[in-house]
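Trainee: Supplied in structure tokens, the structure appears directly below.
The values are calculated or read from the model by the stated rules, or taken from the named source; none is laboratory data. Please read all numbers here as calculations on a predicted model, not as lab measurements. Cβ sites come from the backbone with ideal geometry, for glycine too, and all protein chains shown count toward neighbours. For accessibility, only protein heavy atoms count, side chains too; no ligands or nucleic acids. Shrake-Rupley method; radii C 1.70, N 1.55, O 1.52, S 1.80 Å.
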Amino acid sequence: MHRRNFLRAAAGVALAGARAQTAMPVIDTHIHLFDPTRPQGVPWPEASNTVLYRPALPERYRKIAEPLGIRGAIEVECSPWLEDNQWVLDVAARDTIVVGTVGNLEPGKPEFGRQLERFHRNPLFRGIRYGNLWGRDLGAQLDRPEFVADLKTLAEAGLALDTANPNAALIGAVVRLTDRVAGLKVIVDHLPQLDAPTEAAARRAYDANLRELGKRPQVYVKISEVLRRVEGRVPEDLAFYRPRLDALWDIFGEDRLLFGSDWPNSDQWAPYPTVFRVVHEYFAGKGTAAAEKYFWKNSVAAYGWVKREK
């Protein structure tokens with residue numbers, strides 16, 4: 001083939017790929033919103049973090065995400081301050097790219113029911129986050145009847161529980177949680193980042209717990225925080241990440257995996273387009289039907305979000 005024709009053909013393939021990428025609607029199920037310039041500041045990120053310490057608001061996110069085909073996002077709370085639940089809802093009300101929020105409330109406390117009723121009046125409020133964050137311990141709390149009762153209330157309201165920062169102990173706790181509150185939808189965040197135990201017995205227990213969660217249709221997994229730093233660099237090729245993605249695909253299948261970018265926290269590893277490209281390449285290889293489930297249909301099943309009119 002003549003070089004000029006070859007380049008023209010290659011450009012055509014790239015353009016077709018870009019169009020295909022943006023033709024499928026995408027819902028990003030894991031972003032964070034915060035504004036360090038507020039009078040009250042923010043509990044996270046710290047001012048010393050030069051990558052993250054600037055406003056992360058829907059307008060900025062939209063400019064980054066829309067060119068890639070993202071049509072909506074679910075905010076996951078990154079503040080332990082109660083009134084930041086309301087702050088996020090107020091911010092989300094002004095931009096329809098936010099289709100839901102996952103708030104921060106503490107089951108097992110006397111005020112939980114009242115607080116849940118308050119925030120759940122807003123249809124954007126789709127659940128709460130509880131896991132390895134802010135000094136919390138899901139496994140320990142499951143021994144408290146009032147904690148379990150509040151999670152049953154959450155399930156009865158049709159809301160979901162996101163975990164946070166998984167380790168082997170948290171995976172075991174999610175098995176116990178779904179034993180006790182079978183009707184609760186649970187979304188395990190950032191599972192690609194988890195390093196499995198190296199000790200043989202602990203590894204067997206971890207693998208068994210993960211397989212058990214794979215049998216439970218109310219448990220979803222976010223393929224988020226995929227990229228990682230290895231010896232000072234962040235690999236950007238899919239081949240490096242494929243074994244972990246294959247393992248999760250084999251356990252949870254096409255109906256239980258969700259796309260989440262972890263923006264802007266993901267900027268500490270790579271720009272948003274790079275984060276998106278790695279998972280897009282992987283799931284595009286699974287076929288259109290599976291990709292659609294991963295990129296948006298499964299998020300409807302997990303969170304029950306509703307499209308907002310512009």
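Trainee: For segment 127-151, which positions are more than 13 Å from residue 186 (Cβ to Cβ) and of a type in the set (Lys, Arg)?
Mentor: Within segment 127-151, 136, 144 qualify.
Trainee: How many residues, within segment 48-81, are part of a strand (DSSP E or B), surrounded by 22 or more Cβ atoms within 10 Å (Cβ to Cβ) and not small (Gly, Ala, Ser)?
Mentor: 4
Trainee: If we scan segment 128-146, do we find a residue that is within 18 Å of residue 306 (Cα to Cα) and either surrounded by fewer than 21 Cβ atoms within 10 Å (Cβ to Cβ) or modelled with pLDDT under 95 (or both)?
Mentor: For segment 128-146, residues within 18 Å of residue 306 (Cα to Cα) and either surrounded by fewer than 21 Cβ atoms within 10 Å (Cβ to Cβ) or modelled with pLDDT under 95 (or both): absent.
Trainee: Hey, another quick one. Take the residues in segment 215-242 that are open to solvent by less than 20 Å² (accessible area, probe 1.4 Å) and hydrophobic (A, V, I, L, M, F, W, C), then tell me which one is farthest from residue 273 (Cα to Cα).
Mentor: So the residue we want is 219.
Trainee: Another question, then. Tally up the residues in segment 261-308 that are basic (Lys, Arg) and either part of a helix (DSSP H, G or I) or at pLDDT 95 or above (or both), please.
Mentor: Matching residues across segment 261-308 total 4.
Residue-wise test of (1) open to solvent by less than 10 Å² (accessible area, probe 1.4 Å); (2) within 23 Å of residue 162 (Cα to Cα).
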| site | (1), (2) |
| --- | --- |
| 244 | no, yes |
| 258 | yes, yes |
| 262 | yes, yes |
| 270 | yes, no |
| 281 | no, no |
| 293 | no, yes |
| 300 | no, yes |
| 304 | no, yes |
| 307 | no, yes |
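Trainee: Here's a follow-up. Check every one of the helices (runs of 4 or more DSSP H) wholly within segment 139-249 and list those with 2 or more residues that are free of Cβ contacts under 8 Å to residues at least 60 places away in the same chain and acidic (Asp, Glu).
Mentor: Passing ranges, in order: 145-156, 200-214.
Trainee: What number of residues in segment 82-112 are closer than 25 Å to residue 139 by Cβ and either of a type in the set (Ser, Thr, Tyr) or exposed (fewer than 15 other Cβ atoms within 10 Å of the Cβ) (or both)?
Mentor: Counting residues in segment 82-112 that are closer than 25 Å to residue 139 by Cβ and either of a type in the set (Ser, Thr, Tyr) or exposed (fewer than 15 other Cβ atoms within 10 Å of the Cβ) (or both) gives 3.
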